[in-house]
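K.L.:
I have a structure I would like to understand better, so I am pasting it below and will then ask my questions one at a time.
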Amino acid sequence: MTALAPTTSLAIAATAAVICTILILALRPLLQRYALTRPNARSSHVTPTPQGGGLAVIAATAIGAALTVLSGSTASGTSVLIVLAAGFCLAAVGMVDDVRPIPVIPRLTLQLAVVVVLFTALPPQIRFFETIPVAIERAFIVLGMLWFINLVNFMDGLDWMTVAEMVPMTVALGAIALLGEAPANILPIALGLAGALLGFAPFNRPVAKLFLGDVGSLPIGLLTGWCLLELASRQHLAAAILLPLYYLSDATITLFRRLVKGERFWDAHRSHFYQRATDNGFSVTQVIARVFLLNLALAGLAMTTIAASSRSIDLTMLALGACVVTAVLFQFSQARVAQTDQR
């Protein structure tokens, strides 16, 4: 069990939030000049907006993680450093892609190289299928991590979307680690990232004045994906599935739908459920509120599976999670009926 008190954890997250805010204020003039993204047919914004706020988020996450380790967490500083180094490598790839787009094959190759190096240094301590060779299972885990990194990037297409997804997830991960039900190594990442995203949130609130950019979404996908794998390694696979279930469902269903239609899935588009919701009459705030509340519910179901430690409860919570996610996706896919004045 970790040695951190809840008050210390809150103080570290708050410090990461303040640091992120300060870094954003310092970087905004530079981002305004060199990382301005202009709206196109697939954008959710209508005015040129700087991106690259993820640079401050990842830097603040690293500082928050360092403070967590120094404040008494039993986490291995070496493993946290390795994961953060991998995150910064992906941030570098994302920063280049934000300024001068990288073709899809080189971009995926660079991402794959980072994941392979990370898993070589820190092999996942989990077996999903004992009947298949370890090497094959590891290959599937690497591909799964690559997909998770990119789906987080794909889903970062609306103001506050990443905040609404990742803050409940990282807070839940931090709470689980504090309770001793997950490896202590995820606590520094969870605390730092939760705080940093809260510091970023005021700048990204609708209508956003700053976007994360690939420099933020790619490493966030890596850091949270690694935390989820660590959680699954403690026999909490159901919780590790429930926490990101909305992102997994929206992105994966959209991917397969585009593949069936013969579309180039790597091209920018507006066919995710949350994007279709805004086209169907939902305001950005209405979409984000539903996603945030959904993720709070999923976090509650995940915590229930950990508290119960029962296979039947795991299956029940997974079924409930699938039902609530399906309900939200269905709602997003339907045209919103205009409300008439009843006076």
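The values are calculated or read from the model by the stated rules, or taken from the named source; none is laboratory data. As the structure is a computational prediction, the values presented were derived from the model and not from experiment. Because the Cβ atoms are built from the backbone with ideal geometry, glycine has one as well, and the counts that use them run over all protein chains shown. Surface accessibility is based on the protein's heavy atoms, side chains included, excluding ligands, DNA and RNA. Shrake-Rupley method; radii C 1.70, N 1.55, O 1.52, S 1.80 Å.
K.L.:
Take the residues in region 193-214 that are within 20 Å of PHE154 (Cβ to Cβ) and assigned to a helix (DSSP H, G or I); name whichever of them is most open to solvent (accessible area, probe 1.4 Å).
P.N.:
The residue in question is ASP214.
K.L.:
Related question: Check ILE136 against each of (1) closer than 27 Å to GLN235 by Cα; (2) open to solvent by 30 Å² or more (accessible area, probe 1.4 Å); (3) modelled with pLDDT of 95 or more; (4) not aromatic (Phe, Trp, Tyr) and name the one condition it does not meet.
P.N.:
(3)
K.L.:
Also, I was wondering about something else. For the structure I just gave you, tell me whether PHE282 is buried (at least 20 other Cβ atoms within 10 Å of the Cβ), over 17 Å from ASP156 (Cα atoms) and not β-branched (Val, Ile, Thr).
P.N.:
Criteria met by PHE282.
K.L.:
Moving to a separate point now. From ALA190, ALA182, grab the single residue that is in a loop (DSSP other than H, G, I, E, B) and without any contact (Cβ under 8 Å) to a residue 60 or more places away in the chain.
P.N.:
Checking each option against the conditions leaves just ALA182.
K.L.:
What's the number of the only condition in (1) touching a Leu at 6+ places or on another chain (Cβ under 9 Å); (2) buried (at least 24 other Cβ atoms within 10 Å of the Cβ) that SER217 fails to meet?
P.N.:
Failed condition: (1).
K.L.:
Within region 106-137, work out how many residues are more than 22 Å from the chain's Cα centre (by Cα) and more than 16 Å from LEU218 (Cα to Cα).
P.N.:
Within region 106-137, residues that are more than 22 Å from the chain's Cα centre (by Cα) and more than 16 Å from LEU218 (Cα to Cα) number 13.
K.L.:
I'd like to check something: does region 118-129 contain any residue that is part of a helix (DSSP H, G or I), under 30 Å from ALA14 (Cα atoms) and of a type in the set (Val, Ile, Thr)?
P.N.:
Taking region 118-129 and keeping what is part of a helix (DSSP H, G or I), we get 118-121.
Right, trim to under 30 Å from ALA14 (Cα atoms) and you get 118.
Narrowing the set further to residues that are of a type in the set (Val, Ile, Thr) leaves none.
So far as region 118-129 goes, no, none of its residues is part of a helix (DSSP H, G or I), under 30 Å from ALA14 (Cα atoms) and of a type in the set (Val, Ile, Thr).
K.L.:
In addition: Step by step: first the residues of region 78-102, then only those that are over 16 Å from VAL215 (Cα atoms) and open to solvent by 20 Å² or more (accessible area, probe 1.4 Å), then the one that is modelled with the lowest pLDDT. Which residue is that?
P.N.:
THR78
K.L.:
Can you tell which of LEU301, LEU242, LEU294 is crowded, with 20+ Cβ neighbours inside 10 Å, touching a residue at least 60 places away in the same chain (Cβ under 8 Å) and either basic (Lys, Arg) or under 28 Å from ALA182 (Cβ atoms) (or both)?
P.N.:
LEU242
K.L.:
Something else: Looking at GLY157, is it part of a loop (DSSP other than H, G, I, E, B) and on the phi > 0 side of the Ramachandran plot?
P.N.:
no
K.L.:
Moving on. With the structure loaded, tell me whether ARG127 is under 25 Å from PRO183 (Cα atoms) and modelled with pLDDT under 95 or whether it fails that test.
P.N.:
Taking the combined requirement at face value, the residue satisfies it.
K.L.:
For THR224, state whether it is under 19 Å from VAL171 (Cβ atoms), open to solvent by less than 10 Å² (accessible area, probe 1.4 Å) and in a helix (DSSP H, G or I).
P.N.:
On the way: under 19 Å from VAL171 (Cβ atoms): yes; open to solvent by less than 10 Å² (accessible area, probe 1.4 Å): yes; in a helix (DSSP H, G or I): yes.
Taking the combined requirement at face value, the residue satisfies it.
K.L.:
Within the bounds of region 12-26, is there any residue that is open to solvent by 20 Å² or more (accessible area, probe 1.4 Å) and modelled with pLDDT under 95?
P.N.:
No, the conditions are met nowhere in region 12-26.
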